[in-house]
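Presented below is the structure to which this report refers.
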Amino acid sequence: MITMEKTLLDLEPGMQGIIARFAGNPGFVRKLRTIGIREGKNLTVVTRHPLGGPVVIEVDGREVTLGRGMAVRVVVDVAA
Amino acid sequence: MKTVVLMGNPNVGKSGIFSRLTGTRVITSNYAGTTVDVSRGKTRLADGPAAVIDAPGTYSLAPTNPAEEVAAEILGEADVVVNVVDSTNLERNLYLTLETLERGVPAAVALNLWDEAGHQGITIDVDRLEELLGVPVVPTVGLSGQGIRELVERLGEARPSATIQPMSEEERWVAVGQITGEVQKIAHRHHTLADRLAEASIRPTSGIFIALAVIAAAFLAVRWIGEGLISFVFEPLFDLYTPIVMRASELLGPGILHDILIGRLIGGEIDYVESMGLLTTGLFVPFAMILPYIVAFYLILSILEDTGYLPRLATLADTFFHRLGMHGYGIIPVFLGFGCNVPGALATRVLETKKQRFIAATLMSLAIPCMAQIAMVFGVLGPFGLQYVVMVFVSLAVVYVAAGLILNRVVPGECPEIFLEIPPYRAPDLRATATKTWMRVRGFVGEAIPYLFLGILVVNLLYSVGFLDLLAAAFAPVMETWLGLPAGAAVALLVGFLRKDLAVGMLVPLGMSPEQLVIAVTMLTIYFPCVATFVVLLRELGARGMLAAAGVMVTTALLVGGALRVILIGF
Ligand SMILES: Nc1nc2c(ncn2[C@@H]2O[C@H](COP(=O)(O)OP(=O)(O)OP(=O)(O)O)[C@@H](O)[C@H]2O)c(=O)[nH]1
Ligand SMILES: [Mg+2]
């Protein structure tokens, strides 16, 4: 399968991807990983709130809300 | 005596297990960040009594907010750790488990929410997990108490893990993956209709409609239950009580004792709001005017908390709260604050930075009246027409938003974005809801009523020595010229520091117009928190933070009071 890298913020609601890596300091990476957002996990975008609002994703059957500034630093592999 | 510390990720059921172990009830709710401070209790282990500590939840031992700091610190006090783990989410929870075991403390693992794991088709090989971790592992259901006895028995075997050695962060993640892969099996699960409905409540458009409906329903339910309790329970009780106090009043005859116990008769009758006696107003205000709404509010709040709806509301509200210098979780202090500002102030600990906590705490003190005060506002202003009550709440809402917009600009510091786990929806457990409501109502009765009595006593004494008239005279210029209120309202405002509900009641005998009442009641909310909240805020914000907050409060109160006067009364 051909994949391409996108940031989580570029994914439209309903789209899926595999978490590739994070762009950020170790504290940020740890914060994401310890809540369950880890490299290699399958991720689905549940919704993206308008007006700069947060993104809601689902990983391992759990939903997590995160701000756009964080979402843009999550790099995801999606089917091209 | 040994100290057992309960550690675990947020919302995994630590507080539920704590209640089971100690018999001491603590608040549990279906969202991360319910417990923000330690609770202590006692239990009996096989080798004697032990102290038990319930810590706030944390994802790792590297804290990101004050609640998590508390958790990381308290680990130092532990002789034994009970690591409570969410069985439906083993992989994520194991990171903290490994971090804890690496510290070399004797530990046991409680695989909590075992019932839900079963429902979701998740199986965990408990024996194998025990081998890998090198400490006892016991499946538990905190809600029903299943497995708690075995947990207590096996705490005797708790010792430092022989299999888990200190490792680097990357190694730890590898270990987490390996262990999970070896012990856990998940039956594949498809999206159900229920999942789709649940998602509707977190999507922008459908979510807003659902939120409005939920909030309207909650508001109506509180009013309806509160009014029902008043007209079918408390008023009939006081009808039976009136002849008894009247008789007592005759027996006592006029004098200071009569003034203190019964208060002033109004037209030869007892007026439960205005008489200001301990046995009249002192009982009627808390029991017949406030308590019914407290019961109603906490019942509805418990249901909202236990379903898991609040984090979804926080997500929907995030965009808005972000403009005010917080993020969506700032809605938790607001909800708790409507019950009582004290837990509301404590709940600001779920916010990450000082700036966010300062704004959340200041805005709550400014513009979120507690239920006791709200009940009195409805009781006092309601008879003039609901539009006056609406004026108060609209003014407060404007203050909340305007002050938030300004504080966000002028307060230095960071505003990190929302980062929040959404818990699964759960049907509230009837017993758990009832117990929680009861705990909070009992808290109100135990704390509010002594203060109310004290307040009434102090007011009576100060009146009789003429101090309050002096005070009123001193504040007359501000009150009369700036706010358009009678000088006596100053006394009520000052009593508001003791109890705001009582202060609202004290406005009644002043014979003000409803417009004046609106101004006075709004001022009363904004100008300063009550003493109980003040003490907590002082601790949470520090002396400097509190001073700054107080400055904001007094300034806002004077500005808003003056503006309302111009709008409602004219010059
Ligand atoms: N079905 C089920 N629900 C549980 C169980 N244990 C706890 N709960 C529910 O899970 C929610 C969280 O429980 P708490 O005890 O507040 O969790 P906590 O770990 O103390 O949470 P924080 O203080 O926020 O870290 C509550 O709604 C409980 O009723 C369990 O074993 N089974
Ligand atoms: Mg707790």
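The values are calculated or read from the model by the stated rules, or taken from the named source; none is laboratory data. Small disclaimer: the values here were computed from a predicted structure and weren't measured. We place every Cβ from the backbone using ideal geometry, glycine too, and count neighbours over all the protein chains shown.
Assorted remarks:
- Residue that is facing chain B (nearest Cβ under 10 Å) and crowded, with 17+ Cβ neighbours inside 10 Å, where the choices are A:Ile35, A:Ile19: A:Ile35
- The selection criterion, being within 13 Å of ligand 1 (Cβ to nearest atom), at pLDDT 95 or above and not aliphatic (A, V, I, L, M), holds for B:Asn83.
- Taking region B:417-430 as the range and being farther than 14 Å from B:Glu305 by Cα and within 11 Å of ligand 1 (Cβ to nearest atom) as the test, only B:Glu421 passes.
- Subset of region B:229-263 [at pLDDT 90 or above and among the polar types (S, T, N, Q)]: B:Ser231, B:Thr242
- In summary, helices (runs of 4 or more DSSP H) completely within region B:28-145 and bearing 2 or more residues that are within 14 Å of ligand 2 (Cβ to nearest atom) and either more than 30 Å from the chain's Cα centre (by Cα) or not assigned by TED's automatic domain parsing to the domain that holds B:Gly337 (or both) occur at B:66-74.
- Exactly one residue out of B:Ala487, B:Ala474, B:Ala550 is in the same structural domain as B:Ala345 (by TED's automatic domain parsing) and within 23 Å of the chain's Cα centre (by Cα): that is B:Ala550.
- Helices (runs of 4 or more DSSP H) fully within region B:472-544 counting 2 or more residues that are without any contact (Cβ under 8 Å) to a residue 12 or more places away in the chain and surrounded by fewer than 17 Cβ atoms within 10 Å (Cβ to Cβ): none
- Of the set (1) more than 7 Å from chain B (Cβ to nearest Cβ); (2) farther than 18 Å from A:Arg21 by Cα; (3) polar (S, T, N, Q), all apply to A:Thr44 but (2).
- Filter result for B:Phe338 (assigned to a helix (DSSP H, G or I) and without any contact (Cβ under 8 Å) to a residue 60 or more places away in the chain): yes
- Subset of region B:155-194 (residues that are of a type in the set (Ser, Thr, Tyr), in a loop (DSSP other than H, G, I, E, B) and more than 16 Å from B:Thr100 (Cα to Cα)): B:Thr192
- Qualifying residue in region B:208-217 (condition: touching a residue at least 60 places away in the same chain (Cβ under 8 Å), under 20 Å from B:Pro383 (Cα atoms) and hydrophobic (A, V, I, L, M, F, W, C)): no
- Within region B:18-35, being among the aliphatic types (A, V, I, L, M), within 8 Å of ligand 1 (Cβ to nearest atom) and crowded, with 21+ Cβ neighbours inside 10 Å holds for one residue alone: B:Ala32.
- Applying the criterion of being within 14 Å of chain A (Cβ to nearest Cβ) and crowded, with 22+ Cβ neighbours inside 10 Å to the residues of region B:99-116, the residue that is nearest to ligand 1 (Cβ to nearest atom) is B:Leu113.
- B:Gln146 vs. criteria within 15 Å of ligand 1 (Cβ to nearest atom) and more than 11 Å from chain A (Cβ to nearest Cβ): yes
- Evaluated against (1) within 18 Å of B:Gln178 (Cβ to Cβ); (2) buried (at least 19 other Cβ atoms within 10 Å of the Cβ); (3) away from chain A (no Cβ under 14 Å), B:Arg92 falls short on exactly one condition, (3).
- Residue satisfying condition, being buried (at least 24 other Cβ atoms within 10 Å of the Cβ), within 11 Å of ligand 1 (Cβ to nearest atom) and more than 14 Å from every other protein chain (Cβ to nearest Cβ), within set B:Ser39, B:Ser15: B:Ser15
- Search result, residues across region B:47-61 that are modelled with pLDDT of 90 or more and away from chain A (no Cβ under 14 Å): B:Pro49, B:Ala50, B:Ala51, B:Val52, B:Ile53, B:Asp54, B:Ala55, B:Pro56
- Remark: pairs (first residue in region A:5-17, within 15 Å of A:Asn42 (Cβ to Cβ); second residue among the polar types (S, T, N, Q); Cβ separation under 7 Å; 6+ apart in sequence or on different chains) = A:Gln16/A:Asn42; A:Gln16/A:Thr44.
- Some residue of region B:67-77 being within 14 Å of chain A (Cβ to nearest Cβ), away from ligand 1 (no atom under 15 Å from the Cβ) and either in contact (Cβ under 8 Å) with a residue 60 or more places away in the chain or over 17 Å from B:Val137 (Cα atoms) (or both): no
- Scope region B:165-174; condition surrounded by 14 or more Cβ atoms within 10 Å (Cβ to Cβ) and either of a type outside the set (A, V, I, L, M) or modelled with pLDDT of 95 or more (or both); matching residues: B:Glu169, B:Arg172, B:Trp173
- Which listed residue is buried (at least 23 other Cβ atoms within 10 Å of the Cβ) and of a type in the set (Val, Ile, Thr), from B:Thr353, B:Thr348: B:Thr348
- Of the criteria (1) in contact with a Leu (Cβ under 7 Å, 6 or more places away or on another chain); (2) surrounded by fewer than 21 Cβ atoms within 10 Å (Cβ to Cβ), which one B:Gln387 fails: (1)
- First in region B:444-466 and free of Cβ contacts under 8 Å to residues at least 24 places away in the same chain, second anywhere and surrounded by fewer than 18 Cβ atoms within 10 Å (Cβ to Cβ), Cβ under 8 Å, 6 or more apart: B:Tyr463/B:Asp469
- Residue satisfying all of: in region B:1-12; away from chain A (no Cβ under 14 Å) and outside any loop (DSSP other than H, G, I, E, B); farthest from ligand 1 (Cβ to nearest atom) among these: B:Lys2
- Output for region B:42-61, where each listed residue is surrounded by fewer than 16 Cβ atoms within 10 Å (Cβ to Cβ) and touching a helix residue (DSSP H, G or I) at 6+ places or on another chain (Cβ under 9 Å): B:Lys42, B:Arg44, B:Ala46, B:Asp47
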